[in-house]
Each structure stands twice: as structure tokens, then as C-alpha cells.
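K.L.:
Here it is, the structure, as C-alpha cells.
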Amino acid sequence: MALTLLTLTTSVHLLDSTSVALPRISAGDLPLRSRFRRPSSSISSFQLGFPSTTHRSESIRCLCASSSSAASPMQFEVSTPNSQFLDSLLYSRAYWVTEGVIAWNVDAGEGSCYLYASRVAGLSFSEDGIDGFDFRVKLEAESGSLRTNVVEKFPHIGNYKPFKVPSDLDVRDLVKSQLAIVCFDAEGRLIEGTGLQLPGVLDELFSYDGPLGANFTPGGGVSLHLWAPTAQEVTVCIYKNPLDKSPMEICPLEEVNGVWSTNGPSTWEGCYYVYKVSVYHPSTLKVETCYANDPYARGLSADASKTYLVNLDSEDLKPEGWEKMADKKPCLRSYSDISIYELHVRDFSVYDETVEPEHRGGYLAFTLKDSAGVKHLQKLADAGLTHLHLLPTYQFGDVDDEKENWKYIDTSVLEGLPPDSAEAQACITEIQNDDGFNWG
């Protein structure tokens with residue numbers, strides 16, 4: 001009985017906060033600020049913050065007792081109205097769900113709501129209101145609740161208030177900017193503000209089912225397509241070799257409805273590339289310049305430093321018998337007949353002494369028909385196993401691709417320790433981030 005090979009497939013879109021190459025910050029990276037809620041009766045001219053005597057940032061010296069009864073000074077920064085406003089943008093509590101509707105859990109009452117945008121990410125707050133914007137528009141609070149189709153897609157915001165976006169806005173261009181929605185009371189004082197989450201409007205305006213990644217044409221050229229509707233500018237840097245520091249060619253990509261593309265010559269085949277993307281990033285509140293691999297890459301250089309321009313239809317890459325391999329696939333009468341065996345690529349052969357050392361832990365070990373591992377798989381197939389699920393089959397960042405950088409531990413040392421000892425755990429912990437395993 002033959003086995004059918006399964007591998008995981010993924011679909012990745014480059015959004016403003018999902019690409020692994022884009023900068024990210026965690027709570028630990030943010031300035032430590034003491035946060036205060038707006039008092040119910042504020043005498044200041046604006047209510048996001050404190051009375052005017054505390055608007056300036058100042059240091060508060062505190063002492064924290066340690067276990068040794070010594071005291072260590074710590075510095076805390078008192079938050080200002082502007083810092084509070086910028087902090088509120090980090091959380092993005094409003095949702096742009098369709099082209100014409102923003103959902104926000106705020107009741108404007110007698111007040112008003114505005115949408116602000118800054119192409120250069122310059123939004124800030126002062127006593128005069130919101131500064132640094134290059135676009136502002138008033139949003140009308142709609143009566144009633146969100147439409148059924150919106151609630152079905154985003155059930156967790158079903159009780160949010162809908163705010164109508166003017167129909168004459170160029171929303172496709174606006175989503176490339178830093179965005180904020182702000183609510184003022186009837187006297188014009190700012191009472192709420194936050195950033196926006198964009199998946200709803202991006203899905204509605206930029207859905208795309210065309211080619212993505214690198215695609216080779218019958219005539220010998222290559223086209224690149226990248227879905228990045230929030231990007232302000234995209235260029236591609238072409239490298240002859242994976243370790244080259246300087247690109248041999250830099251080409252701008254042109255955008256059509258969120259998809260950036262360019263065409264290149266046949267000489268690009270076998271080269272490497274990265275995208276240079278200018279995009280507003282909500283975690284840093286800045287327009288960032290990011291160098292990123294193609295999320296639709298079919299090949300990568302070592303440690304994913306660059307994307308490989310590989311033509312999978314090239315005759316040079318086809319294994320022997322590839323064209324007839326589908327003819328050998330066993331017939332499956334029903335999905336209920338499937339019996340799946342999950343197997344780690346490295347674990348299959350890393351300790352198999354019937355495999356040549358240079359092939360252990362890699363893909364070529366599966367081609368050795370006389371190895372102990374392959375013979376065992378054949379026995380499983382004869383016993384009724386139908387499918388083999390391999391993982392991981394894509395590049396991952398947990399393990400250095402350069403095997404000479406891996407660290408090992410002498411197994412005889414572990415054998416001399418009790419299996420439940422702290423010493424054994426400490427030995428593994430010391431090298432766990434530098435060994436050849438991606439788990440454990």
C-alpha cells in the first residue's frame with residue numbers, strides 16, 4: 001500500500017500589523033506611566049487628562065523595599081494629555097467595519113465625533129485640540145444598531161454604536177494613514193479617542209483572488225504581486241546571491257486596488273529579493289520603513305534573510321518521475337478511510353544510523369528505500385496507514401538554518417543523571433535556544 005503525503009499549506013496577507021518583518025512592541029517596551037481616569041467633574045478646558053497645573057511631565061521619586069530591606073529608587077513619569085491620547089491610539093478600540101460605517105462603543109450624546117488622519121503619523125493632542133492632521137471629517141451617529149451582516153462577521157462588537165462615514169471619502173487612500181476617531185462633548189472638550197481596526201473595510205474594498213508572489217510567464221519573464229493595501233510605498237530589492245549586502249537592482253512596484261506589482265526579466269530567475277515597504281504601523285505610531293520577505297515565498301535563503309526567485313516549473317528542479325507520480329497515488333473511496341500519521345521531518349531520521357550522517361534530519365532521508373525509517377513506514381502502510389503528515393515543512397525561525405551553529409549536549413552526561421533531576425533540565429535549558437529542535 002502506498003502512502004499519500006500531506007503537508008501544511010498557509011495563506012498569508014501582508015497587513016499593517018501581521019507581517020513578521022514589521023516592527024512590534026510589547027507592553028514592556030512602552031514608557032511606564034501612571035494612568036488616571038478622567039474625573040467626573042473636571043474644571044479644565046478639556047477632559048482627557050488632568051487640571052492645567054499637572055499638564056507638564058514630571059518625575060515622582062518612589063522607594064521600593066527589597067527582600068534585603070534596602071530601598072531602590074524608581075522613576076515614574078506622570079502622563080500628560082498628549083501621552084494619554086497617544087496611548088489610546090495603541091489600543092484601537094474602534095472598528096472600521098464597512099466602507100460607510102465605523103463601530104465604536106461610545107455614546108456621543110449631544111457631542112460630536114470626528115475622524116482624523118495623518119499621512120506622516122503626526123497626530124497629537126494639545127489644549128487647542130487635535131494637532132498634526134492633514135484630514136478631518138465629522139461622523140454622524142446613526143440611530144439603531146449595527147447591521148445584521150456586520151454583527152454576524154464581528155459578533156464581539158454587536159452592541160457597538162454605528163457612525164456613518166461620508167460617502168464621498170476616498171477610503172482606499174485614507175486607510176494608508178494614521179487614523180484616530182475622537183469624541184467631543186457639547187462644549188467641544190475631548191472626552192474619548194482611539195485608533196481604528198481595519199479588517200472589515202479592508203475585506204470589503206480590497207478582496208482579491210488574482211496571482212500573488214513570484215509568477216513566471218511562458219515567455220521567460222517574472223511578475224511580482226504583493227497584497228498590501230495599507231502600504232504607502234513598495235519597492236523590491238533584487239540580489240544576485242543570498243549573502244549580498246547591496247542589491248543589483250531596485251524596482252518600484254505600482255499599486256492597483258491594494259495589490260502592488262511589477263514585471264521583471266528572465267534573468268531574475270535564481271536571484272533573491274526582499275520588499276522595502278513604507279507603512280504606518282499602529283504598534284509604534286509611526287510610518288515605518290520595513291524590509292520584508294515575500295509572504296507568498298516559495299523559497300527562502302538560509303534563515304529567511306531573502307526570498308528565492310524559484311520557478312517550480314523548471315525542468316532542473318523536477319525530481320525523476322515527477323510527471324507520473326500522480327498515477328501512483330492510491331484511489332480513495334471515502335474520506336473516512338483516511339488514516340493519518342503525523343511525523344516531524346527531523347525526528348524521522350536524526351538518530352537513524354542506517355542513514356548517511358549528511359542526510360540525517362533532512363528531506364533526503366525519505367528517499368532512502370533501505371533505511372530503517374522508510375522500511376518502518378512501509379510496514380505502517382501495509383498495516384493500513386494511508387497518509388503521512390509532515391511538519392514542519394516551511395521555514396521557521398526557532399532553529400538556525402546553519403547546522404554548524406547548533407549546540408549539542410553529550411548524551412552520556414544525561415544518561416548519568418536521574419531523568420527527573422533538576423540537573424538534567426538545566427543541561428537542556430542551557431542550549432534549548434541554540435539546538436536543532438524547534439520545540440523543547
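The values are calculated or read from the model by the stated rules, or taken from the named source; none is laboratory data. What you see is a predicted model; the values in this text were computed from it and never measured. Cβ coordinates were reconstructed from backbone atoms using ideal geometry, including for glycine residues, and neighbour counts include every protein chain displayed.
K.L.:
Would you check which residues across segment 302-335 are of a type in the set (Ser, Thr, Tyr) and either in contact with a Lys or Arg (Cβ under 6 Å, 6 or more places away or on another chain) or not in a loop (DSSP other than H, G, I, E, B) (or both) and list them?
P.N.:
Within segment 302-335, Thr307, Tyr308, Tyr335 qualify.
K.L.:
Can you name every residue in segment 387-435 that is loosely packed, with under 14 Cβ neighbours inside 10 Å, among the small types (Gly, Ala, Ser) and part of a helix (DSSP H, G or I)?
P.N.:
Correct list: Ser412, Ala422, Ala426.
K.L.:
Filter segment 326-343 down to residues that are surrounded by 10 or more Cβ atoms within 10 Å (Cβ to Cβ) and either at pLDDT below 90 or basic (Lys, Arg) (or both), then give me how many there are.
P.N.:
3
K.L.:
Only one residue in Thr386, Thr411 is within 30 Å of Ser336 (Cα to Cα) and β-branched (Val, Ile, Thr), so which one is that?
P.N.:
Values: Thr411 fails: within 30 Å of Ser336 (Cα to Cα).
From the options Thr386, Thr411, the qualifying one is Thr386.
K.L.:
A follow-up question, please. Quick one: is Val355 closer than 24 Å to Phe437 by Cα and modelled with pLDDT of 90 or more?
P.N.:
yes
K.L.:
Continuing with the same structure: When Ser126 is evaluated against the numbered criteria (1) modelled with pLDDT under 90; (2) touching a Phe, Trp or Tyr at 6+ places or on another chain (Cβ under 6 Å), which criterion, by number, is the only one it fails?
P.N.:
The single condition Ser126 does not satisfy is (2).
K.L.:
Tally up the residues in segment 137-182 that are assigned to a loop (DSSP other than H, G, I, E, B), more than 24 Å from Gly111 (Cβ to Cβ) and either modelled with pLDDT under 95 or touching a helix residue (DSSP H, G or I) at 6+ places or on another chain (Cβ under 9 Å) (or both), please.
P.N.:
2
K.L.:
Just checking, which of Leu174, Leu205, Leu139 is in contact with a Leu (Cβ under 8 Å, 6 or more places away or on another chain) and surrounded by 15 or more Cβ atoms within 10 Å (Cβ to Cβ)? Break it down stepwise before answering.
P.N.:
Details: Leu174 fails: in contact with a Leu (Cβ under 8 Å, 6 or more places away or on another chain); Leu205 fails: in contact with a Leu (Cβ under 8 Å, 6 or more places away or on another chain).
Going through Leu174, Leu205, Leu139 in turn, the sole match is Leu139.
K.L.:
For segment 359-375, which positions are under 20 Å from Thr393 (Cβ atoms) and of a type outside the set (Lys, Arg)?
P.N.:
Answer for segment 359-375, where residues must be under 20 Å from Thr393 (Cβ atoms) and of a type outside the set (Lys, Arg): His359, Gly361, Gly362, Tyr363, Leu364, Ala365, Phe366, Thr367, Leu368, Ser371, Gly373, Val374.
K.L.:
Name the one entry in Thr289, Thr267 that is more than 29 Å from Arg93 (Cβ to Cβ), among the polar types (S, T, N, Q) and surrounded by fewer than 19 Cβ atoms within 10 Å (Cβ to Cβ).
P.N.:
Thr267
K.L.:
Which residue pairs have Cβ atoms closer than 6 Å, lie 6 or more positions apart in sequence or on different chains, and pair a first residue in segment 390-406 that is over 13 Å from Asp303 (Cβ atoms) and in contact (Cβ under 8 Å) with a residue 40 or more places away in the chain with a second residue that is of a type in the set (A, V, I, L, M) and surrounded by 12 or more Cβ atoms within 10 Å (Cβ to Cβ)?
P.N.:
Cβ pairs passing all conditions: Leu390/Leu343; Leu390/Val345.
K.L.:
Condition first: touching a residue at least 12 places away in the same chain (Cβ under 8 Å) and in a strand (DSSP E or B). Now tell me which residues in segment 215-235 satisfy that.
P.N.:
Phe216, Val222, Ser223, Leu224, His225, Leu226, Trp227, Ala231, Gln232, Glu233, Val234, Thr235
K.L.:
Here's a check for you: in segment 140-172, which residue that is over 25 Å from Phe184 (Cβ atoms) and of a type in the set (Lys, Arg) is farthest from the chain's Cα centre (by Cα)?
P.N.:
Arg147
K.L.:
Taking the condition of being of a type in the set (S, T, N, Q) and not in a helix (DSSP H, G or I), how many residues in segment 336-360 meet it?
P.N.:
Matching residues across segment 336-360 total 2.
K.L.:
Would you check if Ser371 is polar (S, T, N, Q), under 15 Å from Val345 (Cβ atoms) and over 38 Å from the mean Cα position of the chain (by Cα)?
P.N.:
It is true that Ser371 is polar (S, T, N, Q), under 15 Å from Val345 (Cβ atoms) and over 38 Å from the mean Cα position of the chain (by Cα).
K.L.:
So, one more: Within the bounds of segment 186-202, is there any residue that is farther than 17 Å from Tyr95 by Cα, out of contact with any Lys or Arg (no Cβ under 7 Å at 6 or more places or on another chain) and at pLDDT 95 or above?
P.N.:
Among the residues of segment 186-202, not one is farther than 17 Å from Tyr95 by Cα, out of contact with any Lys or Arg (no Cβ under 7 Å at 6 or more places or on another chain) and at pLDDT 95 or above, which makes the answer no.
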